[in-house]
Amino acid sequence: MVICNIVMIRNRMIGSLSLALLACLTTEAAAGQQDGALDRDFQAAVAEYDSGHYAEATAKLENLVREAPESFEVHELLGLVYSAQSQDARATPHLQKAVHLKPDSAPARTNLAANLARLGKFDLATEQFKKAVELDPRNFDTNHNLGEAYVRSGKIADAALFLEKAQQINPSSYDNGYDLSLAYIQIGRLADARRLLQDLLKQKNTAELHNLLGEVEEKDGKFVAAENEYETAAHMDPTESNLFDWGSELLLHRTLGPAVEVFQQATSRYPTSQRLMIGLGMALYARGNYDDAVKSLLKAADLNPADPGCYLFLSKAYDSSPSQADDVIQRFRRFAELQPSNAHALYYYAMSLWKGKRAQDPTLDLRQIESLLNKSLALDPQLAEAHLQLGNLYSDQNKYAQAIPQYTRALELNSDLADAYYRLGQAYVRTGEKDRAQQQFQVYQRLREQHLADLDKQRAEIRQFVYSAKDSPAAKP
């Protein structure tokens, strides 16, 4: 997995119930209550709570809180009972009352903080976790909980500080160690993350640790080590995410044969995973298997027709394999209908119509292509490729005076469009401006030699897809 957002750290329940607190409730209640009946009712409520009979415990405690409105134990247990029934809003005032009655109780502040966190009040929760740490600074749970609270508020450096303290107190904690490793990765402490993950692997050899170690190696530029860790994780636990990470690592570094094999196996196991299907299409395309790439990307489009993720790569594969024109045009038409305000959707639809029909269909309506390209540019005037293709459309109709401004604008927006220089040079030749034409051809030749227009761009597009897709929800088998 790639850590694009630290919120990816597992949403474990922070501030778990204090068994020590519950164990002492009966004793403290007995000491604080003169009335034996109230004491028996409270003990009965504790027994119901321990047995999981929350409704019965609630009924007893709601009566008790009216009889003993200043009892720390009754308010605390009633808050915990409400929380156990997911009635967190009802739990809050009782947990707050308990903290008011015993402000020096770290467990009470922890339980209130956990309640506030479940309600999404993370700033208030963090305040209570901080106070719990101040009251009990050598406690593993208080430090771990505060670290997790900082994670949720995006303060990763602060989170790492308290997760580190928790790890020092209990070096064998797998969950804390995993989350601390994630925090280290997020703040760029890769050596610390690697060392901690290697220590954790000695305690517990799991696929998720190997996967996370693969991420560390990838970020540190150690691609062979990264691929080995991702492969180990995928063999140990062939989840959709682990297989995607393994295949993506191979694809990113152009180990294309193995990448195709991994994605083929993965899509057989998880046929409803769009990102795996796109990954297979991209690997096939990069390998030069254009027809198969189009087929895979068509399947990806059908899995989630409104998701724009696959259409960029479908358009590129289609450029090299127009034999499936009708199927491709149908997918792009559907995408444009689903996303009428998406400039790229209209652009892709225009290009699919043009490339699919211009060679063999004399009835092709060029005015429709022009209209779609102009609508695309109306939605996004910065879409350089649409300017380029509109220029090509005009050039093909010998409208060079109209084509030249489109090529010029395309290059203003993206100076790496090698084809735009070449086509602009051709347009200048047709209009008799040979010196300008020669300048454009020279730039075109230089760009082609530097591969700025093909391989480097393809790698950047693949990397962008992989990193964004790692945050996508995993598909089921």
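The values are calculated or read from the model by the stated rules, or taken from the named source; none is laboratory data. Since the model is a prediction, treat every value here as computed from it, not as a measurement. Glycine also receives a Cβ, built like all others from the backbone with ideal geometry; neighbour counts cover every protein chain displayed. These area figures cover heavy atoms from the full protein model, side chains too; ligands, DNA and RNA do not enter into them. Shrake-Rupley method; radii C 1.70, N 1.55, O 1.52, S 1.80 Å.
In degrees between 0 and 90, to the nearest 10, how far off the longest principal axis of the chain does helix 88-101 point, with axes built from Cα atoms?
Tilt of helix 88-101: around 50 degrees.
Roughly how tilted is helix 122-135, in degrees to the nearest 10 and between 0 and 90, from the longest Cα axis of the chain?
Value to nearest ten degrees: 50.
How many percent of the accessible area of the chain is carbon or sulfur, using a 1.4 Å probe? If you can, show how the numbers build up before the last one.
Values: 10580 of 22050 Å².
Carbon plus sulfur share of accessible area: 48 percent.
Would you mind estimating how fast region 94-235 diffuses translationally, via Stokes-Einstein at 10 °C and 1.306 mPa s with the Kirkwood radius over Cα pairs, in µm²/s?
So the translational diffusion coefficient is about 99 µm²/s.
Need one number: nm distance between label points at ARG334 and ARG367, each 7 Å from Cα along Cα→Cβ, rounded to one decimal.
Label-label distance for ARG334 and ARG367, simple model: 3.0 nm.
Among ALA420, ALA317, VAL81, whose Cα projects farthest towards the positive end of the dipole of the chain, with charges put on the beta-carbon of Lys, Arg (+1) and Asp, Glu (-1)?
ALA420
At 20 °C and a viscosity of 1.002 mPa s, what translational diffusion coefficient does Stokes-Einstein give for region 232-275, taking Rh as the Kirkwood radius over Cα pairs? Give it in µm²/s as a whole number.
210
In debye, nearest 20: dipole of the chain around its Cα centre with unit charges on the Cβ of K, R (+) and D, E (-)?
With Lys and Arg at +1 and Asp and Glu at -1, about 1680 debye.
To the nearest 0.05, how large is the calculated FRET efficiency for ASN63 and ARG436 if R₀ is 56 Å and r is the Cβ-Cβ distance?
Calculated value: 0.05.
Could you tell me what a quarter of the Cα convex hull surface of region 291-450 works out to, in nm² with one decimal place? Spell out each step's value before the answer.
Working: hull surface 38.3 nm².
The Cα convex hull of region 291-450, projected and averaged over all directions, gives 9.6 nm².
Taking amide H positions as placed in the peptide plane 1.01 Å from N, state which residues far from GLN87 in sequence (5 or more) or on other chains have amide H under 5 Å from it.
Answer set, sorted by chain and number: none.
Per 10 Å bin, what percent of the C-alpha pairs of region 277-380 does each bin hold, from zero upward?
17, 48, 30, 4
Consider just the alpha-carbon atoms of region 257-335 and return their Rg together with their Dmax, both in angstrom.
11.4, 34
Give me the Kirkwood hydrodynamic radius of region 64-148, using the inverse of the mean 1/r over all pairs of distinct Cα atoms, in Å to one decimal.
Computed over Cα pairs of region 64-148, the Kirkwood hydrodynamic radius comes out at 12.6 Å.
Through the Karplus equation 6.51 cos²θ - 1.76 cosθ + 1.60, θ set to phi - 60°, convert the phi angles of region 369-384 into ³J(HN,Hα) values in whole Hz; use x for Gly and Pro.
4, 4, 4, 5, 5, 5, 5, 4, 6, 5, 6, 9, x, 8, 7, 4
Enumerate the calculated ³J(HN,Hα) couplings along region 408-422 in order (Karplus 6.51 cos²θ - 1.76 cosθ + 1.60, θ = phi - 60°), each rounded to whole Hz, writing x wherever the residue is Gly or Pro.
Each residue of region 408-422 in turn: 4, 5, 4, 6, 5, 7, 8, 6, 9, 7, 4, 4, 5, 4, 5 Hz.
Provide the per residue accessible area, probe 1.4 Å, for the chain, rounded to a whole number of square angstrom.
Values: 22050 Å² over 477 residues.
Per residue, the chain has 46 Å² of solvent-accessible surface.
Based on the Cβ-Cβ distance of SER341 and ASP396, what FRET efficiency does E = 1/(1 + (r/R0)^6) give at R0 = 30 Å, to the nearest 0.05?
Taking R0 as 30 Å, the efficiency between SER341 and ASP396 is 0.60.
Between SER268 and ALA37, what FRET efficiency follows from the Cβ-Cβ distance if R0 is 51 Å, with the result rounded to 0.05?
Plugging the Cβ-Cβ distance into 1/(1 + (r/R0)^6) gives 0.15.
Could you work out how much longer the chain between ASP291 and ALA191 gets when fully extended? Use 0.36 nm per residue separation minus the Cα distance between them, nm to one decimal.
Value of the extension gain: 31.6 nm.
If each DSSP helix of 4+ residues adds -39,500 (n - 2.57) and the sum is divided by the residues in the chain, what number results at 222 nm, nearest 500 deg cm²/dmol?
It comes out at -24000 deg cm²/dmol, rounded to the nearest 500.
If I stretch the segment between ARG463 and SER51 completely, what's the gain in nm (0.36 nm per residue apart, minus their alpha carbon distance), one decimal?
Working: separation 412, 0.36 × 412 = 148.32 nm, distance 5.25 nm.
Fully extending the segment from ARG463 to SER51 adds 143.1 nm.
Just to be sure I follow: if Rg is taken over the C-alpha atoms of the chain and Rh is the Kirkwood radius over the same atoms, what is Rg/Rh? Please report the intermediate quantities before stating the final value.
Working: Rg = 31.0 Å, Rh = 26.8 Å.
Ratio value, two decimals: 1.15.
If I take all pairs of Cα atoms in region 369-429, what percentage of them are more than 14 Å from each other?
Summing the P(r) of region 369-429 above 14 Å gives 47 percent of all pairs.
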